[in-house]
Amino acid sequence: MVRWIVAYVDRPRDRFAAGAAFWTAVTGTGLSARRGGDGEWATLLPEDGDACVKLQAVRDGGGAHVDLEVDDVRAEVTRAIALGAAVAADHGDWAVLRSPEGRAFCLTPWKGAARRPPVFAATRLDQVCLDIAPGAYGEEVTFWAALTGWPPLNGSLPEFTVLRSPDMPVRLLLQRLGDGPGRTAHVDLACADPEAARVRHEQHGAAFVARGRHWIVMRDPAGGVYCLTGRDPETGSLPG
């Protein structure tokens with residue numbers, strides 16, 4: 001059973017400091033001490049509530065992934081394998097796995113987190129979007145719904161499926177791509193006013209990339225793409 005979910009913002013090792021400065025500024029959080037063998041991990045620390053966003057320095061590229069915190073890591077690894085996952089790295093008390101499509105995620109022990117951090121500046125980082133190749137989409141939706149136990153819901157467009165739980169601080173959006181390979185991912189923020197959020201993010205060094213139906217694609221100072229979406233920061237839903 002998933003007890004908490006953490007969104008990881010993955011950014012290149014040589015631009016980690018720029019990414020950390022940006023994401024702490026736009027989420028109103030502090031930065032923990034870096035940890036890991038190479039100082040590759042840090043947590044965004046909210047003023048209230050429990051942390052649900054972390055940063056990871058990666059060797060190549062960047063994107064996002066999720067950690068699912070559970071009561072019994074060993075039992076959940078076994079269950080994930082039965083659902084079609086493969087183990088990429090087993091560290092005993094936590095493990096890195098890959099979905100049937102090959103997307104990395106982690107199973108880690110739950111340490112009691114239960115309180116979602118508050119909205120900051122009318123925005124909330126509350127979603128990880130998994131970009132999936134057309135041929136893998138159905139299998140990935142089935143896998144993630146079974147793994148999390150969250151029912152798949154139709155999104156605002158036919159190519160979107162939402163997985164969410166009212167008790168969790170982060171939800172999953174599965175997006176079926178039109179062409180090209182899948183296995184990319186990015187974070188999304190729910191914004192009461194996406195245009196106002198865009199201006200504020202640009203003041204902290206982000207750059208506008210493109211505009212969608214109800215979202216704005218941005219690039220942070222570390223080179224990673226993310227979206228500002230016109231969803232209610234409290235409910236995560238589109239207006240109306």
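The number of residues in the stretch 37-66 being open to solvent by less than 40 Å² (accessible area, probe 1.4 Å) and assigned to a loop (DSSP other than H, G, I, E, B) comes to 6.
Look at Trp23 and say whether it is modelled with pLDDT of 95 or more and open to solvent by 20 Å² or more (accessible area, probe 1.4 Å). Considered against the rule, which asks whether it is modelled with pLDDT of 95 or more and open to solvent by 20 Å² or more (accessible area, probe 1.4 Å), Trp23 comes out as no.
Which residues, taken from the stretch 4-36, are over 16 Å from the mean Cα position of the chain (by Cα) and either assigned to a strand (DSSP E or B) or of a type in the set (A, V, I, L, M) (or both)? Talk me through it step by step, then tell me what you get.
Residues of the stretch 4-36 over 16 Å from the mean Cα position of the chain (by Cα): 12-18, 21-22, 25, 28-36.
Within the stretch 4-36, Pro12, Ala17, Ala18, Ala21, Ala25, Gly30, Leu31, Ala33, Arg35 meet the criteria.
Considering the conditions (1) outside any loop (DSSP other than H, G, I, E, B); (2) in contact with a Ser or Thr (Cβ under 8 Å, 6 or more places away or on another chain); (3) open to solvent by 20 Å² or more (accessible area, probe 1.4 Å), Thr142 is excluded by exactly one of them, (2). Residue count for the stretch 178-217 satisfying the condition of being in contact (Cβ under 8 Å) with a residue 60 or more places away in the chain, among the small types (Gly, Ala, Ser) and in a strand (DSSP E or B): 2. Would you please name the residue that is modelled with the highest pLDDT, looking only at residues in the stretch 218-240 that are in a loop (DSSP other than H, G, I, E, B) and aliphatic (A, V, I, L, M)? Only one residue tops the list, namely Ala222.
Just wondering, is there one or more residues in the stretch 200-217 that are open to solvent by less than 40 Å² (accessible area, probe 1.4 Å), modelled with pLDDT under 95 and not charged (D, E, K, R)? Yes, the stretch 200-217 contains a residue that is open to solvent by less than 40 Å² (accessible area, probe 1.4 Å), modelled with pLDDT under 95 and not charged (D, E, K, R).
Within the stretch 37-49, the set of residues being more than 18 Å from the chain's Cα centre (by Cα) and at negative phi comprises Gly37, Asp38, Glu47, Asp48. Working only within the stretch 81-135, note down all residues that are open to solvent by 40 Å² or more (accessible area, probe 1.4 Å), of a type in the set (D, E, K, R) and assigned to a loop (DSSP other than H, G, I, E, B). Within the stretch 81-135, Asp93, Lys111, Arg115, Arg116 qualify.
The values are calculated or read from the model by the stated rules, or taken from the named source; none is laboratory data. Computed from a prediction, not measured in an experiment: that's the story for all the values here. So basically every Cβ, Gly included, is an ideal-geometry build from the backbone, and we count neighbours across all protein chains shown. Note: areas computed on protein heavy atoms with side chains; ligands, DNA, RNA excluded. Shrake-Rupley method; radii C 1.70, N 1.55, O 1.52, S 1.80 Å.
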